[in-house]
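One structure is given below, encoded as structure tokens.
The values are calculated or read from the model by the stated rules, or taken from the named source; none is laboratory data. Nothing here was measured: the structure is a model prediction, and the numbers come from that model. Please note: Cβ atoms are built from the backbone with ideal geometry, for glycine as well, and neighbour counts cover all protein chains shown.
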Amino acid sequence: MDFMKLLREERARARAAASSTKIETNSNNSNEIKGGDSQTDIVSETTVASRKAAQEAQERERLEEDRKMLQTMHYHLVDLKLPHEGNLHRFVVGKVPTLIYIPDVISEDEEQKLMGNISMYDKNWRSLRGRKLQCWGGNPDGSASDGVFSTLSPWLTNLCESLVRNGVFEPENSPNHVLINQYNTDEGIIHHTDGPKYFNRVAILSLQSTRLMTFRHRLRPEEVGVKYGGDLFSVCLRPRSLLIFQDDLYSEYLHGLSDGIEEDEVGGEVEDQGKGDAKDAEAVPCVNSDLAGVVPGVKVRSFAVI
Ligand SMILES: O=C(O)CCC(=O)C(=O)O
């Protein structure tokens, strides 16, 4: 027997067996990897596509529901009575030139009509901390979601057009988004900015009662504890009035309404309002006391829909 020959044959078989296993392993691996990749791609593409289709179907359904709901509503159209275009500057209040307060832009009768319009959409209220909210015109990014009415109701479109006609907004920045906030006596909205998703001008129509809106500096992290972060000044929001603020007041200041648990006191004017470091006084200066017909020292506490 040729043991050397047997040994060579045995080694050759072992090499052949080993290499085929290797190839198989490789091809298995590569199949697994490829199979894994393409399956994952297919699965995620399918998931994304089906999610998108479901979302689109939901949005279509929502639009249709909203459209049907609007058809059943008997709303009143109300126009705002604003000073002639170009005359808004007469209503600038305070030392910060981007705050405009116009009293009596609608009549009491029109106010009632608007309240009637608002109450027709009772099921659309969202309960938030400190207020109830109706949100009209979709989300700022154009998407729709639960509790957000996808379009504006014609009576809201009419109000927005009225703002454009009177020069409050340019036609290219015509408002397409409306929030209706309702506060109980012990409710308010914490100080905030409306953020960069919106155009930097806001118009607030107040209905039903009087509240004080206060403004504060928006502090950068390095200013916290260094710069005064409390209320700097207030604006008295009378029922049927329109408040417009923009630019710096939109982006560099916070606005808010106290929770109404304590009565808000109308403060007198001070020289450096809005500019300097206001004192942590009980009553911050009210910048529109003349136009709003309130005297310093008066207390304000009431129910408001804005
Ligand atoms: O109700 C108001 O007057 C203020 C509302 C407000 O600031 C907001 O909705 O962002």
Which one is surrounded by the fewest Cβ atoms within 10 Å (Cβ to Cβ), of the residues in the range 219-239 that are assigned to a loop (DSSP other than H, G, I, E, B) and of a type in the set (A, V, I, L, M)? V226
Scan the range 194-217 for residues that are modelled with pLDDT under 95 and either part of a loop (DSSP other than H, G, I, E, B) or surrounded by fewer than 16 Cβ atoms within 10 Å (Cβ to Cβ) (or both) and jot them down. D194, G195, P196, K197, Y198, F199, N200, Q208, S209, T210
Only one of these is more than 11 Å from the ligand (Cβ to nearest atom), crowded, with 18+ Cβ neighbours inside 10 Å and farther than 26 Å from D122 by Cβ: F169, F149. Name it. F169
Residue count for the range 231-261, restricted to those that are among the acidic types (D, E) and within 15 Å of the ligand (Cβ to nearest atom): 2
For the range 109-119, indicate whether the set of residues that are more than 23 Å from M69 (Cα to Cα), modelled with pLDDT of 95 or more, in a loop (DSSP other than H, G, I, E, B) and more than 16 Å from the ligand (Cβ to nearest atom) is non-empty. no
Out of the residues in the range 184-193 meeting the condition of being part of a loop (DSSP other than H, G, I, E, B) and near the ligand (Cβ under 9 Å from one of its atoms), tell me which one is surrounded by the fewest Cβ atoms within 10 Å (Cβ to Cβ). T193
May I ask you to verify whether V168 is in contact with a Ser or Thr (Cβ under 6 Å, 6 or more places away or on another chain) and over 25 Å from V294 (Cα atoms)? no
Pick from the range 257-306, criterion surrounded by fewer than 17 Cβ atoms within 10 Å (Cβ to Cβ) and either in contact with a Cys (Cβ under 6 Å, 6 or more places away or on another chain) or of a type in the set (G, A, S) (or both), ranking: modelled with the highest pLDDT: G293
When both residues are 6+ apart or on different chains and their Cβ atoms are under 6 Å apart, which pairs have a first residue that lies in the range 158-187 and is over 30 Å from R129 (Cα atoms), and a second that is more than 13 Å from the ligand (Cβ to nearest atom) and of a type in the set (V, I, T)? P171/V164
Residues of the range 172-183 being surrounded by fewer than 20 Cβ atoms within 10 Å (Cβ to Cβ) and within 13 Å of the ligand (Cβ to nearest atom), which ones? H177, V178, L179, N181, Q182
When (1) away from the ligand (no atom under 15 Å from the Cβ); (2) hydroxyl-bearing (S, T, Y); (3) in contact with a helix residue (DSSP H, G or I) (Cβ under 7 Å, 6 or more places away or on another chain) are applied to Y228, the one that fails is (3)
Does any residue of the range 229-239 turn out to be basic (K, R) and at pLDDT below 90? no
Output the residue which, of all residues in the range 67-95 that are surrounded by 13 or more Cβ atoms within 10 Å (Cβ to Cβ) and at pLDDT below 80, is farthest from N158 (Cα to Cα). M69
